[in-house]
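Visitor: Can you read through this structure? Questions will come right after.
The values are calculated or read from the model by the stated rules, or taken from the named source; none is laboratory data. Owing to the predicted nature of the structure, the values given are computational and were not obtained by experimental measurement. Note that each Cβ is placed from the backbone with ideal geometry, even for glycine, and that neighbours are counted across all protein chains shown. Protein only, heavy atoms only, side chains kept; ligands, DNA and RNA dropped before computing areas. Shrake-Rupley method; radii C 1.70, N 1.55, O 1.52, S 1.80 Å.
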Amino acid sequence: MKRRSPIFLIHLAAILGLSLPAIGAEPLAGEPRREAAPAPVAPGQRPTVAVVRSDYAALADPVPPEQLLTLSQIEDLVRQACLLGGLPAVVERAIAARGSDSLWVAIKPNIVEVRRSGSGDITDVRVVRGIVRTVHELAPEARISVAEGGAWIPPERQEVLARVPFAEVGDGFAVAGYRDLLTDPTLAGIDLDLIDLNYDDPREVPVPGKGYSQASFFMPRTVRECDLLIDAPVLKIIGVVQMTVAMKNFIGIAPGMIYGWSKSAGYPPDTGHGIPHHSAILGETISDLTALSGVDFTVVDAVVGKERARIDDDGGRPVRLNTVVAGADIVAVDAVSAGLMGLNPADVEYITLGERRGLGVGRLEAIEVKGQPLALVGRRFEKYPADWGEAGERGHYGQGNRTWLVRGPILASEWREGVVNPGGPPPVPGEGGWSGPVYFPDDKIDLERYTDRPIQGVAFAYCEFVAGESRAAELWLGSDEGLRVWLNGEAVYRFEGRRRHRLPNDRVPVAVRAGRNACLVEIRQQRGPCEFSLKVCEPETDPRYDGRTLPGLRYTLPPGGHAAVHEVPAAMPKESRHGEWFEEIYVQQDPTAAGRVSLSAFLPGQAETAWIALSEPLVWGREMSLEAEVDHGLVTVGTTNLRAFHLVGQGPLSEVAEVRLQVDSSAVVTVHMEGGKAIALTAVADETGRIARWTATARPMDASIEEVIAELPDSLSHLLAASDRYDTPLGSWCTDAIRWATGAEIVFQNNGGIRTSLAAGPLTAAALFALNFPDEIHLLRITGREVLAILEQGLREGPEGPLQISGFRYTADRTRPPGARVVDSTLEPDRTYTVAAEDYICMRGAARYFGREIEHAPSGVHVVDAHLKYARHQGRVVAPEAGRIREVR
């Protein structure tokens, strides 16, 4: 195991990212003492990070930052950054501990996908070549290994491919040019090798001190035993955690033979060994893996980075900076990298967590930047789009305030105004009914998780923040129920009602004053999770860049008190009540619960229209919600981002005569229930996307959800039937049904859009509802050549595998380079086809499935409609002939 220097303890300000000058220098009681990787600098010292761009005067051949660079220019760039960033001292210490003749240096680049070097998707091989040459100059006898655990599987690993058929097949080292380093005559005499960490003798290792996400991880031998580990990431934007640079690069040290391809899948698949990428735990996982790695030095490839997303396939766009960032403090390097992209390091959770556990310094004002200033070199990168689902909302929002004093909950029956005075003196931590500092691991502050019991009443939360100057700002606020906010004793926000908690729900212009500002939040809760969120942002009207924490702002707490910090544990994915949008569109059915309504799916006559309780959003990619409550014969329904749904008399609802529909707190329509009928409600939106009115119609319920509509002689599986065929029996049947129902010539269906298999025997409407997401089918007109490009995109996609198809056949060779993997097809390249696909595929096509924006229009047919009608038409449902998608192995 690598040698570790003694750990050091950090104070509350570093633990929580706060400024608390009134609290003494002793470690806070109750805070767990966590081990960490060696501190790159002594406590109180400023770490050094080098930023060197191609126009730096000390370079041998300075050139403008927009110019393409030669190999020698990039190597000189790397060398200068390494020298300024302190690599000589790091190598000298390693030699003193180990000896130059036996020193083993590992370099960890980012080669997640099989890509050519230089595009910003992966670490430029020329940057790594520069690191190799610089290390060799400093330690000529050292063994140097370039080690990566990518999401690709070499074609010779047939035993792995048999179990992970949808993983990307190829040699990432070869395509990116890394294997050429081994035969490069200018590198002769260097003891150099390549190591695939996915197969590198994994052993379980405990996280130093205490893991934030889990107690231990399997680590490859190279990471466990090398004497010097150099991180070599590339500068990129990503969803969920905002950016992927130095610390995030260590997801790639997790061996595939344990954690799978991708790392969240586990190996063998479905064993539960995958590394969670859920927003509730990803930042903690990144911090744990960084602590385990014991990284010694970091060199960031910012020659070409990626804005908007991490790779081209996900909608990323290359940005040329011609820059290299380097330093021994990985947290400081990430902070500087964030600043280089126009981000605030305070918005990146794992930077905060890295500083919290003593891995380094995450505040720009506490870091010495050598070389060239960020103000000269940096530029704003477009953030991950906020409307790209859960990853977009989290990644765009960043990190709000997570440390609060809490008071309550106070039962509604005991509540009275004036219990807390917004204009009074600040609370004292741990006194007068207020808690001590409470650290929440998520931006959605979950008071129910803190109190460990349901909250039905009123609760308060208090924090302060310090601003460097008086200026305009925005409060980004969110909650699921009632919320009031006071800033410096002045009421600035009020919401009454229910809604889906977003990050944020509202943006409120405020004026902050120089120095300390007091923020009091009142939360009113009647049922369900008790959440709120608050963040102080700089005003920004451009949605590509908004949501950045006000520069120089520090969240803090009032002085005084002696209460220990209470940490609310991070919610593991299986514990979280908040999933992706498609996991939240179903209203819990509980006819026995007093005052609650059961909203259920139903099947109109002859399956003419298929609806599930919530069927269609106003804005794609954002959560839909519907909640209802019964009170004396009146049911009140509140909706968020919902265009249409059906309401069926069931449970308490069967006795209701009137339905009042409201959006947030505003009632917009009242309709009457009739026995034996279902109400269909549809929103009409204005040009801004806001609901202008609702329409309501009633129709007989003359068909049952349990009606048998066809017979299945044999089961239809959504899993692969053969290792050389990527079409599944159910995937082929589903796409055939859509082609039959829409008249399209070609159909695409993503594997993840088929939720389960169909069992042999009677096929009911309920089974098809369970099979499908409530998506509408869209149509597009594209040429056969464009279809081939989409197929190529699918072959690069990874664990989900190629799209299921109808209307043609093709053969692929996944060992060939991207763009040349479809080797045969029945398509006519110059012919224009009518193509059908679910709205999910079309809406996310530019980022994932199509690789670019393609015009599409709704067909008026829903997926469940197509499957119901096709099954009824067939009467006897059998698997189509296999072999639509074949692979040459």
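Visitor: Can you tell me which residue among Val521, Val512, Val492 is within 30 Å of the chain's Cα centre (by Cα) and surrounded by 15 or more Cβ atoms within 10 Å (Cβ to Cβ)?
Guide: Just a single option satisfies the conditions, and that option is Val521.
Visitor: Hey, can you tell me all the residues within the stretch 175-222 that are in a helix (DSSP H, G or I) and open to solvent by 30 Å² or more (accessible area, probe 1.4 Å)?
Guide: Residues satisfying the conditions are Val175, Arg179, Asp180, Leu182, Thr183, Pro185, Thr186, Tyr199, Arg221.
Visitor: Also, quick follow-up: Take Arg449 and decide whether it is among the basic types (Lys, Arg) and closer than 26 Å to Leu550 by Cβ.
Guide: no
The rows are residues; the columns are (1) open to solvent by less than 20 Å² (accessible area, probe 1.4 Å); (2) farther than 26 Å from Leu68 by Cβ.
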{"site": "Ala96", "(1), (2)": "no, yes"}
{"site": "Ser100", "(1), (2)": "no, yes"}
{"site": "Lys108", "(1), (2)": "yes, yes"}
{"site": "Val112", "(1), (2)": "no, no"}
{"site": "Ser117", "(1), (2)": "no, no"}
{"site": "Gly120", "(1), (2)": "yes, no"}
{"site": "Thr123", "(1), (2)": "yes, no"}
{"site": "Val127", "(1), (2)": "yes, no"}
{"site": "Gly130", "(1), (2)": "yes, no"}
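Visitor: Hey, another quick one. Hey, can you tell me all the residues within the stretch 261-279 that are closer than 20 Å to Ala391 by Cβ and open to solvent by 10 Å² or more (accessible area, probe 1.4 Å)?
Guide: Within the stretch 261-279, Ser262, Lys263, Ser264, Ala265, Gly274, Pro276, His277, His278, Ser279 meet the criteria.
Visitor: Among the residues of the stretch 458-471, are any touching an Asp or Glu at 6+ places or on another chain (Cβ under 6 Å), in contact (Cβ under 8 Å) with a residue 60 or more places away in the chain, closer than 30 Å to Asp313 by Cα and open to solvent by less than 20 Å² (accessible area, probe 1.4 Å)?
Guide: No, the stretch 458-471 has no match at all.
Visitor: Could you grab me the full set of residues in the stretch 223-237 that are touching an Asp or Glu at 6+ places or on another chain (Cβ under 8 Å), part of a strand (DSSP E or B) and within 16 Å of Ala147 (Cα to Cα)?
Guide: Leu228, Leu229, Ile230, Ala232, Val234, listed by residue number.
Visitor: Something else now. Test each condition in (1) open to solvent by 10 Å² or more (accessible area, probe 1.4 Å); (2) modelled with pLDDT of 90 or more for Arg796 and report the one that comes out false.
Guide: Answer for Arg796: the failing condition is (2).
Visitor: For the stretch 238-245, check the following and say yes or no: at least one residue is open to solvent by less than 20 Å² (accessible area, probe 1.4 Å), part of a strand (DSSP E or B) and among the β-branched types (Val, Ile, Thr).
Guide: Yes.
Visitor: Of all residues in the stretch 715-754, which are open to solvent by 10 Å² or more (accessible area, probe 1.4 Å) and aromatic (Phe, Trp, Tyr)?
Guide: Trp740
Visitor: Quick one: in the stretch 863-879, of everything that is open to solvent by less than 20 Å² (accessible area, probe 1.4 Å) and either in contact with a Gly (Cβ under 8 Å, 6 or more places away or on another chain) or not in a loop (DSSP other than H, G, I, E, B) (or both), which residue is modelled with the lowest pLDDT?
Guide: Result: Asp865.
Visitor: Then there is this: Within the bounds of the stretch 836-846, is there any residue that is in a helix (DSSP H, G or I) and modelled with pLDDT of 85 or more?
Guide: no
Visitor: Oh, and also: For the stretch 329-387, give me each residue that is under 19 Å from the mean Cα position of the chain (by Cα), aliphatic (A, V, I, L, M) and open to solvent by 30 Å² or more (accessible area, probe 1.4 Å).
Guide: Once the filter is applied, which keeps residues that are under 19 Å from the mean Cα position of the chain (by Cα), aliphatic (A, V, I, L, M) and open to solvent by 30 Å² or more (accessible area, probe 1.4 Å), the stretch 329-387 yields Ala346, Ala386.
Visitor: Going by the conditions given, is Asp171 of a type in the set (D, E, K, R), in contact (Cβ under 8 Å) with a residue 60 or more places away in the chain and closer than 25 Å to Lys306 by Cβ?
Guide: Judged against the criteria, Asp171 is not a match.
Visitor: I'd like to check something: does the stretch 767-785 contain any residue that is free of Cβ contacts under 8 Å to residues at least 40 places away in the same chain, open to solvent by 10 Å² or more (accessible area, probe 1.4 Å) and either over 30 Å from Ala174 (Cα atoms) or of a type outside the set (Asp, Glu) (or both)?
Guide: Yes, the stretch 767-785 contains a residue that is free of Cβ contacts under 8 Å to residues at least 40 places away in the same chain, open to solvent by 10 Å² or more (accessible area, probe 1.4 Å) and either over 30 Å from Ala174 (Cα atoms) or of a type outside the set (Asp, Glu) (or both).
Visitor: Which of the strands (runs of 3 or more DSSP E) contained wholly in the stretch 669-752 include at least 1 residues that are more than 30 Å from Arg781 (Cβ to Cβ) and modelled with pLDDT under 65?
Guide: Qualifying strands (runs of 3 or more DSSP E): 677-685, 691-700.
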